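Participant: Take a look at the following structure, please.
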């Protein structure tokens, strides 16, 4: 069936709510309104107000309550209306949820999913454009995923809901209604921790995730006559599928990492360091990164374009690396 | 002047909207902010207020139609007296989640003047590379150590003359080629063994690197496309891997010509190629060693006969595979080839149809010249190439008397992998193909 | 109340006191690592709220509520091993003191961001409510934590859904060194309950009778589906914030005043007034609690210390290999 990215998310939640009575959805305006972006449209009507819960504007509570429910064997999906607001629930995620199993010596699991719209390119300004995934990749005990396709959005969310560890699920609002994709009518899962090889190539590897996957794929197609590019979509950012990353680096010897989150302290730094350490003797050029400039994501279109990666910048970076 | 009424973006994720109904008609006078139409998006339903006072000049989108954001919905003729360029609409604010935008602005103090902008001084130019120093990457260092290479012998094609991995691979390939020529001349080393020692490390081999050619005015450098690179790599690898033996048969095609002529009368247009495919498939069934692939140091005798047939297309050479060719009638083969040809032109051949061949036939067509020596399509072990078919006087036996007659003749070349196939089998196969073609029985 | 229950309550107060005193001594003897947060002086609060709970009710103790652990059913031996950072502790050595709960007994381990357990308790109570289970959650917090947003968010949510949760504020007058008047502008933390739409009550946290009466009403209300209650227990910690805090921000007079209202002494007066044989009870109880705590210490000292690589266990449901070849 042909679905948008956001519809894939809605279907994943709908199916899991129907499949498992322990699954709940909690968040601001997720119930009657169906979510600010309509990701949960119709779910409260179908699954009841007890299970699709309109919460007060209290991100810390939303996550904390999720932990309490998880201890009781429930599997709450906790929506941040914009992922920018996840910082208000930061302590509950990193100190409460991520440590729960560890500080209890393995006595309990913490099957929560914290999800919400991230990403820029929509003129959303400072508080509606953030990509804070790197903060959470620094936290042991969490898993972090960022799907780029409708297929993955559904399959990864279903896997996240069934996972016994806390999963932070970054959906990209730019993709919500901009991509439509044929997905299977029958049920499927996408495993957490597995990258997707989006395109095989021999000259150079681009490692990316989230919305830039689409720009990178387009660049790879447009540049096919000059350079044969391999594209890896990480999909899961914690834990990263190092086996897939390293196999590709060993094949091509050249790596460009592209992400929409800021350069400094971003995932790209970790990926680059790991490659430099483990694949040094395979490298045929410097490990390069293309990311958002080290500034907030501004509102006015020209400034936003200047700050975020786009196909033009990707093409330029690929050319530079290919020529090295 | 005419101004546009556009589909607004109501919400950050919204990409399109539906026109529900128009509240005004063409020719109607409208006031600024008067509702013009109702729209519906994934997130909201809204009335669109007129951007200006004026007369509705055109309505461009009918109710029920879906259009992308920023699409022009209608045009307004503004009052000429008040005609001024419409101020650019302020960017949309997500009121659903943010409330009224002016609310924050009113609270803020007057802006503080920004400090003067300081242009960063231009970075100093990078120091020129030290003379005599060889610039390499880590992988090149490792490869040089592994192969005992003197990197100063390898011209670098990277930035600032850096020696890249491709440069080393190319150098190794050219070296291997040189060595092979020498060693096979001496007969000191078997090709199979050579594959093990040089093939593993140097793969994928590339064209030998020579120092950059002197370019004259008007010379054109055409970098290889990925397809070209793959072909080049495959050809070099095949030549490195298989010791090719080329043998030729001169085939009298007059009975084939007779069958073609008969078919033509029945309205069926048959080319020469299906006959050769048919004959080859029959001969392969009788000579299993020719219908084989090489796997490591083993030969795999293939049960099914899948013949890869080279087709020249606008997008380059394509080699679709005719599955179970030995079980197909002549007409079926002909139909399948026509189908491949048509689909190759439109680029609709699936990758599955291009793999799995067990033997190859290449037909360069009417301009294919007298004969040619084809390169084996790895990991197969044999290939046939059709030569030009020309009428020639030939001596035949008529009732015990030598007679000269005119016959359509073709030189048919067979290449086989001498690692796997001995002369008896190779020659026997080609002889059999000739026999079948000359017998003219294609039932 | 029956004599048996009166004596049992006395036994709990004395066991906690013995445990606290032993830990302080062990700390001074250099046998413990990390922070030690004595709850000595506050025993009546945890005994009063935990004693009549059911085994499947849940408590969310704060960092100095080891008494709550004991009364709710935690094994004293394992609790001592937890404090020693040994493999037999609830956290298997991964964190100290009261960060590792005993989930089988409905005891949740707190983080150091005090008050962060209140949203967790509210979430759990939400489950009790939607599943129509007549269980309750008791969330303890200090008056210091009451300044945190988590406390507000949790109480607000509990008020909206009338959740079966009791918020127990242990007001011991100091958040580390900061006195009440620098923490909030209301007279009592319990005064805030009205802002959340439920009842708030202030009780003498050193008087076990007062505490038990308030606890009984609040727990009953929660269990019947009548919603949350905020109970503020005015009490006092004899020691500093931790054993490393001399607490000289408090006057000697103030400390003496509170010591003269000691919860155990008050209960002994009550037992005497009931004409029980207080000398015999005291002797018997002393023997019992000394033995239990001594056994707990022996167990904890003998418990194996975890090995370095055990640090990587219990992080994820399925171990993750971060060292791909």
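Participant: Quick check: the angle from helix A:212-222's long axis to the longest principal axis of chain A, C-alpha only, nearest 10 degrees?
Facilitator: 30
Participant: Per the Kirkwood treatment, what hydrodynamic radius in Å, one decimal, follows for the range C:81-163 from the mean inverse distance over all distinct Cα pairs?
Facilitator: The Cα-based Kirkwood calculation yields 13.8 Å.
Participant: Another one. If each Cα of chain A is one equal point scatterer, what is log10 of I(q)/I(0) from the Debye formula at q = 0.09, 0.14, 0.15 Å⁻¹?
Facilitator: These q points yield log10 I(q)/I(0) values of -0.45, -1.06, -1.20.
Participant: I would also like to ask the following. Order by neighbour count: C:233, A:279, fewest other Cβ atoms within 10 Å first, most last.
Facilitator: Numbers: C:233 29, A:279 20.
Ranking C:233, A:279 by Cβ neighbours within 10 Å, fewest first, gives A:279, C:233.
Participant: Using a Gaussian network model on chain C with a 10 Å cutoff between Cα atoms, which of C:71, C:231, C:120 fluctuates the most?
Facilitator: Comparing C:71, C:231, C:120 in a Gaussian network model of chain C, the most mobile one is C:120.
Participant: Quick one: angle between helix A:5-19 and the longest Cα principal axis of chain A, in degrees between 0 and 90, rounded to 10, please.
Facilitator: Long axis of A:5-19 versus the principal axis of chain A: about 40 degrees.
Participant: What does the structure give for A:55-63 when I average, per residue, the other chain Cβ atoms found within 10 Å of the residue Cβ?
Facilitator: Partner Cβ neighbours, averaged per residue: 6.
Participant: Tell me the angle of helix A:242-252 to the major Cα principal axis of chain A, expressed in degrees between 0 and 90 and rounded to the nearest ten.
Facilitator: Compared with the principal axis, the helix lies near 20 degrees.
Participant: Next question. Relative contact order of chain C, please, whole-number percent, based on alpha carbon pairs below 8 angstrom and at least 6 residues apart.
Facilitator: Working: 586 pairs, mean separation 71.9, N = 325.
Relative CO of chain C lands at 22 percent.
Participant: How high is the FRET efficiency between residue B:324 and residue B:157 when r is their beta carbon distance and R₀ equals 51 Å, given to the nearest 0.05?
Facilitator: 0.65
Participant: Can you bin the range B:244-439 into rounded, prolate or oblate? Criterion: square roots of the alpha carbon gyration tensor eigenvalues sorted a ≥ b ≥ c, rounded for a/c under 1.5, prolate for a/b above b/c, oblate for the rest.
Facilitator: On the way: a/c = 1.82, a/b = 1.21, b/c = 1.50.
Oblate, because a/c is 1.5 or more while a/b does not exceed b/c.
Participant: Here's another thing I want to ask about it. Please identify, among A:80, A:223, A:288, the residue showing maximal mean-square fluctuation in a Gaussian network model of chain A using a 10 angstrom Cα cutoff.
Facilitator: A:223
Participant: On to the next question. What share of Cα pairs, in percent, lie more than 23 angstrom apart in the range C:104-247?
Facilitator: On the way: 3351 of 10296 pairs.
It works out to 33 percent of all Cα pairs.
Participant: At q = 0.23 Å⁻¹, what is the log10 ratio I(q)/I(0) for the range B:241-306, with the Debye formula run over Cα points and no solvent?
Facilitator: For the requested q values the scattering log ratios are -1.06.
Participant: What percent antiparallel are the DSSP beta bridges of the protein assembly as shown, to the nearest 5?
Facilitator: 50
Participant: Can you sort B:395, C:189 so the residue with the fewest Cβ neighbours within 10 Å comes first? Write down the numbers at each step before the final one.
Facilitator: Details: B:395 9, C:189 27.
If I rank by nearby Cβ atoms, fewest first, I get B:395, C:189.
Participant: Using only Cα atoms, what is the ratio of the radius of gyration of the range A:2-182 to 2.2 N^0.38 Å?
Facilitator: 0.94
Participant: Report the FRET efficiency, 1/(1 + (r/R0)^6), for residue B:1 and residue A:2, where r is their Cβ-Cβ distance and R0 is 25 Å, rounded to 0.05.
Facilitator: Efficiency, from the Cβ-Cβ distance: 0.05.
Participant: Measuring from centroid to centroid over Cα atoms, what is the spacing of the range C:141-207 and the range C:264-289 in Å?
Facilitator: Taking the Cα centre of each part, the range C:141-207 and the range C:264-289 sit 33 Å apart.
Participant: Just to be sure I understand the curve: with the Debye formula and one point per C-alpha of the range B:328-443, what is log10 I(q)/I(0) at q = 0.10, 0.12, 0.18 Å⁻¹?
Facilitator: -0.42, -0.61, -1.23
Participant: Using only the Cα atoms of the range C:253-325, construct the convex hull and provide its projected area averaged over every direction, in square nanometres to one decimal.
Facilitator: Here the figure is 10.9 nm², rounded to one decimal.
Participant: According to the square roots a ≥ b ≥ c of the eigenvalues of the Cα gyration tensor, what is the shape class of chain C, taking rounded for a/c under 1.5, prolate for a/b larger than b/c otherwise, and oblate for the remainder?
Facilitator: Since a/c stays below 1.5, the shape of chain C is classed as rounded.
Participant: Quick one: grab the alpha carbon gyration tensor of the range A:144-192, order the square roots of its eigenvalues as a ≥ b ≥ c, and give me rounded if a/c is under 1.5, else prolate or oblate depending on whether a/b is larger than b/c.
Facilitator: Oblate, because a/c is 1.5 or more while a/b does not exceed b/c.
Participant: Fewest Cβ neighbours within 10 Å first, please rank C:96, B:403 accordingly. Please list the in-between numbers first.
Facilitator: Working: C:96 19, B:403 10.
The most exposed by this proxy come first: B:403, C:96.
Participant: Provide Rg and Dmax in Å for the range A:111-228, with only Cα atoms included in the calculation.
Facilitator: 15.4, 47
Participant: Still on this structure, please answer the following. Tell me, Kirkwood radius of the protein assembly as shown from alpha-carbon pair distances, in Å?
Facilitator: Working: mean 1/r = 0.0275 Å⁻¹.
Evaluated over the protein assembly as shown, this radius sits at 36.3 Å.
Participant: Now, a different point. At 0.36 nm per residue, and after removing the present C-alpha to C-alpha distance, how many nm does the segment from residue B:265 to residue B:47 gain when stretched out fully? Walk me through the numbers on the way to the answer.
Facilitator: On the way: separation 218, 0.36 × 218 = 78.48 nm, distance 7.24 nm.
Going from the current span to full extension adds 71.2 nm.
Participant: What Kirkwood hydrodynamic radius do you get for the range A:196-323 when you take the inverse of the mean 1/r over all pairs of distinct Cα atoms, in Å? Walk me through the numbers before you get to the answer.
Facilitator: Values: mean 1/r = 0.0689 Å⁻¹.
After inverting the mean inverse Cα-Cα distance, the result is 14.5 Å.
Participant: Sticking with the crude label model, points 7 Å out along Cα→Cβ, report the distance from residue C:8 to residue A:264 in nm, one decimal please.
Facilitator: 6.2
Participant: Moving on to the next point. How big is the range C:181-313 on each of its three principal axes, counting only the C-alpha atoms and giving the largest first in Å?
Facilitator: 54, 51, 42
Participant: Measuring from label point to label point, each 7 Å out along Cα→Cβ, what is the residue C:302 to residue A:54 span in nm?
Facilitator: 6.0
Participant: In whole angstrom, how far apart do the alpha carbon centroids of the range B:306-359 and the range A:160-233 sit?
Facilitator: 33
Participant: Here is a further query. Looking at the calculated P(r) for the range A:169-265, what percent of the C-alpha pair distances fall above 19 Å?
Facilitator: 47
Participant: Among C:11, C:282, C:246, which one moves the most in a GNM of chain C with springs linking Cα atoms closer than 10 Å?
Facilitator: Fluctuation is largest for C:246.
Participant: Taking 51 Å as R0, compute the FRET efficiency from the Cβ-Cβ separation of residue C:274 and residue C:178 and round it to 0.05.
Facilitator: Plugging the Cβ-Cβ distance into 1/(1 + (r/R0)^6) gives 0.80.
FYI, it's all coordinate maths here, none of it is from the lab. As the structure is a prediction and not an experimental result, all values here were calculated from the model. Cβ sites come from the backbone with ideal geometry, for glycine too, and all protein chains shown count toward neighbours.
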